[in-house]
Every structure is written in C-alpha cells, then in structure tokens.
2 protein chains.
Amino acid sequence: MAAIEFWFEFASTYSYPAAMRVEKLASAAGLDVVWKPFLLGPLLHSQQGLTDSPFNAVPVKGKYMWRDLARVCAKEGLPLETPARFPQNGLLAARCTLALPEAARAGFIKAIYSENFARGALISEPDVVARAIESVGHDAEAIMARAGSDATKAELKANTGEAIHRGVFGSPTFFAGDGEMFWGNDRLEDAVAWQVAPQEIMSIGGTI
Amino acid sequence: MAAIEFWFEFASTYSYPAAMRVEKLASAAGLDVVWKPFLLGPLLHSQQGLTDSPFNAVPVKGKYMWRDLARVCAKEGLPLETPARFPQNGLLAARCTLALPEAARAGFIKAIYSENFARGALISEPDVVARAIESVGHDAEAIMARAGSDATKAELKANTGEAIHRGVFGSPTFFAGDGEMFWGNDRLEDAVAWQVAPQEIMSIGGTI
C-alpha cells in the first residue's frame, strides 16, 4: 500500500496533534503511515546552534506557541495539559518505538504523546514508557531490553542522520513517496493530498 | 464595522499570499481589514539576535520555505517569481503605505507585494514604489513627500514598537478585536473565524 512517512520527535509540541490525526487522514486516502522516530536535538544544534527548544530560546515565540497549540488542540478535540517539562527527553521512547513490531508502533506513539501532552507525565521515566508499551499489549521488560541493544541504538542514530541528509529541520515532517517534504501539523492534509496526486510546481528561490 | 488587524513587513514571503487573500476572507465574514505596516528587522534582532532573515540564517529552512511558498501560491492561483533580492528593503514602501489615505492602502500594498514576489522588481527603488502609488490613482511625488515627513517616520516607528509590545515576532500577524494574536498565512482563516466568534481556550504552558 502507498504510504506517507511521519518523522517525529516525542518532545515536539505540534507533533502531538499531528500524531493523533495522521492515521485517520491517511486511511481516508487509502494510505499507510510509516513512523520514523528521530532526535531533534542534534538537528537543531547542527543547523541552528541551538542547545534548547527554539520555543525556550525565543520566549516571545514560546508564549505564542503554547497559546496556538491550545487553540489547535481545542479545534481537534484533543485534551491538553501543561507538560511536566519542556522539552522532554524522548530518547527512551524513541528507541522503544523501534524495538516494537511495526503493527504496535502507532498505538505506542500516541500513548507516549498523550502521556507528554495530555497527562503531564515524564516520558523519560521507564515506568511511563512501560505503561505505554503494555497499553499496546507488549511486554515492557522485553521491549526495553531490545530498545537498549546496539542494533536499536544504531537504527535511531541512522534515522537522525537520514533526517539531516534529507533536509528535515523540525518535527513533525512528512515525506510523500516521491520525496516531497512537508513540515508541520499544518501541512498534514497537504502531504496526504500530494501522495495521492503529486503536483507540478515551479520551484523558485534557488539563485537568491 | 468590526475588523481584523493585518500586521505586515513587505520583505516577508508568506505575507504575500496572506495580503492577497485577506480582503476576500474578511469581507465574506463581514469584516474590515486594518493594515498595519511595521519593520520586522528590529524585532528579529531584538528577539533573536538576527541580522538577516531566518530563512537566510538557517539555509535548510530557507530551502524548504521557497518550495513551500511555491506550493502555497500554486494552491491559491497566485503568480510567483524569484525575488530580485531576499530579503528586500521595504522601508520606503512601508512609509508610503502610511502616507496614503486608508482607502488606497489595500491596493498599494498588494501592488508592492506583487512587484516583490510576482514581478521580481526591487521594491526599495523609488520608481517601483511610484508605479504602485500611481496604480491606486495617487500622485507619487506628493505621497513620497508625505512618506518622508517626520510624522510618517514616527508613525512607522510607533507601529514597530507596538508590534514588539504586543508580542509580534513575525509577519504576517493578525489580531482579532479582543487582542487574540495569530501568526502566519496558515492562520488567516482562524483569525477571521475568531473575530466572528471568539472561543474560550484553556491556556497552558505558563509555568514551564
């Protein structure tokens, strides 16, 4: 089945509504979702020199973002609470995503985003991650052991490297099958529409 | 008549489609548009330490922005050309906006955005600005003289100061009558809807 790729970092605020919406939109268009966890920190550091979320580094943007996120979630009927910390450390949850079989990933990912943004839980805590693993019917101990393996660590590193290579600079980012990239929850509908029917667009700006 | 405020900088890329769309959307909702030119440079410098557009300072974001802008304009049926320079100096055009009577501003503003993004003209050139003034039936020499007055210069400075004071950090930014702020072409529909029917939103994030 044709698919769109959903590249995400668990700390990212706007990735929460996107993660909760993507399956329904993709499914209505006859598409699968391929979930691609990566770590945003290394991108923000290498591309922008940032050592914190841009929403913390630039407070006036952060203040707006929280208000806008509240509006977005209200519009989508999604619960929202102030996170326990921002940004949170999503490393363990990202590795556990890759340690789970593909069929279990969507449910786990949505559970972690809900812990972060709807329940105010610390998603770096093994207990919280274990609860999310169990919610999709898997054994937390076994999945966490696999999450800590060299193979899983290498896979997450490779994802992050691939994200940089393909021009990702934020989360969520969507790729259509032809490589067209879309950034942000606001572009989810466009990404799905593009995968169904790619367009001919005259590119500009290359010589500026 | 109720209105939404449209705060804009002529150099801003996504402000081009927003400026071309706002009147139609506002009018369909029974709203006026109050045009508020300001200079984005001082905001970006004071808030983010930037001395150039963030799309130049972070090339990976710039590359995506030009592609995304092309998609947005194609979707709206708006012509788009690579600008002569990016970002352009919109100071003269911003002052001329304020020197024009309010009824002539919308036409002038759209003419300048078209010069910048659809015709590849240098909007810092007096000849180009004069052409836009004449396109709305005014005398270019008289308007430019008024644009250079201390009163007009002070009004633009005051707009920029008010933008900073109200938490603006980019262009376009829209304000509903109750002070609710929306940033970006993607939020134009939401801003209009809010002005028509404000919502109760639980704010979060204040204590992080």
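The values are calculated or read from the model by the stated rules, or taken from the named source; none is laboratory data. Note that the structure is predicted; figures quoted are calculated from it, not measured. Because the Cβ atoms are built from the backbone with ideal geometry, glycine has one as well, and the counts that use them run over all protein chains shown. Just so you know, the surface numbers come from the protein's heavy atoms only, side chains and all, with ligands and any DNA or RNA stripped out. Shrake-Rupley method; radii C 1.70, N 1.55, O 1.52, S 1.80 Å.
A compact table of results
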{"quantity": "Residue check, B:Arg131 open to solvent by 70 Å² or more (accessible area, probe 1.4 Å) and without any contact (Cβ under 8 Å) to a residue 24 or more places away in the chain", "calculated": "yes"}
{"quantity": "Hits in region A:90-101 (condition: open to solvent by 10 Å² or more (accessible area, probe 1.4 Å) and touching a helix residue (DSSP H, G or I) at 6+ places or on another chain (Cβ under 9 Å))", "calculated": "A:Leu91, A:Leu92, A:Arg95, A:Leu98"}
{"quantity": "Residues being surrounded by fewer than 17 Cβ atoms within 10 Å (Cβ to Cβ) and touching a residue at least 24 places away in the same chain (Cβ under 8 Å) - total across region A:163-173", "calculated": "1"}
{"quantity": "Members of region B:177-188 that are within 14 Å of the chain's Cα centre (by Cα) and not polar (S, T, N, Q)", "calculated": "B:Phe182, B:Trp183, B:Gly184, B:Asp186, B:Arg187, B:Leu188"}
{"quantity": "Which numbered condition A:Pro83 misses (of (1) surrounded by fewer than 17 Cβ atoms within 10 Å (Cβ to Cβ); (2) within 30 Å of B:Phe169 (Cα to Cα))", "calculated": "(1)"}
{"quantity": "Single condition A:Lys75 does not satisfy, out of (1) touching a helix residue (DSSP H, G or I) at 6+ places or on another chain (Cβ under 7 Å); (2) facing another protein chain (nearest Cβ under 9 Å)", "calculated": "(1)"}
{"quantity": "Candidate set: region A:112-127, residues that are out of contact with any Cys (no Cβ under 9 Å at 6 or more places or on another chain) and crowded, with 21+ Cβ neighbours inside 10 Å; chosen: the one nearest to A:Arg146 (Cα to Cα)", "calculated": "A:Ile123"}
{"quantity": "Whichever residue in region B:136-172 is polar (S, T, N, Q) and within 19 Å of the chain's Cα centre (by Cα) and, among such residues, is farthest from B:Asp186 (Cα to Cα)", "calculated": "B:Thr152"}
{"quantity": "Residue among A:Ala197, A:Ala191 that is within 16 Å of the chain's Cα centre (by Cα), open to solvent by less than 70 Å² (accessible area, probe 1.4 Å) and small (Gly, Ala, Ser)", "calculated": "A:Ala191"}
{"quantity": "Pair list, Cβ < 6 Å and 6+ apart or interchain, from region B:183-208 residues that are modelled with pLDDT of 90 or more to residues that are open to solvent by 80 Å² or more (accessible area, probe 1.4 Å)", "calculated": "B:Pro198/B:Asp178"}
{"quantity": "Hits in region B:1-55 (condition: among the basic types (Lys, Arg) and crowded, with 19+ Cβ neighbours inside 10 Å)", "calculated": "B:Lys36"}
{"quantity": "Some residue of region A:56-65 being over 15 Å from the mean Cα position of the chain (by Cα), under 16 Å from A:Leu188 (Cβ atoms), within 9 Å of chain B (Cβ to nearest Cβ) and at pLDDT 95 or above", "calculated": "no"}
{"quantity": "Lone qualifier among A:Ala140, A:Ala70, A:Ala104 - being within 14 Å of chain B (Cβ to nearest Cβ), farther than 25 Å from A:Leu43 by Cβ and open to solvent by less than 20 Å² (accessible area, probe 1.4 Å)", "calculated": "A:Ala70"}
{"quantity": "Residues being crowded, with 22+ Cβ neighbours inside 10 Å and assigned to a helix (DSSP H, G or I) - total across region B:174-187", "calculated": "1"}
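Yes/no per residue for (1) without any contact (Cβ under 8 Å) to a residue 24 or more places away in the chain; (2) closer than 30 Å to B:Gln199 by Cβ; (3) not in a loop (DSSP other than H, G, I, E, B):
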residue: A:Leu92; (1), (2), (3): no, no, yes
residue: A:Lys110; (1), (2), (3): no, yes, yes
residue: A:Glu115; (1), (2), (3): yes, yes, yes
residue: A:Ala121; (1), (2), (3): no, yes, no
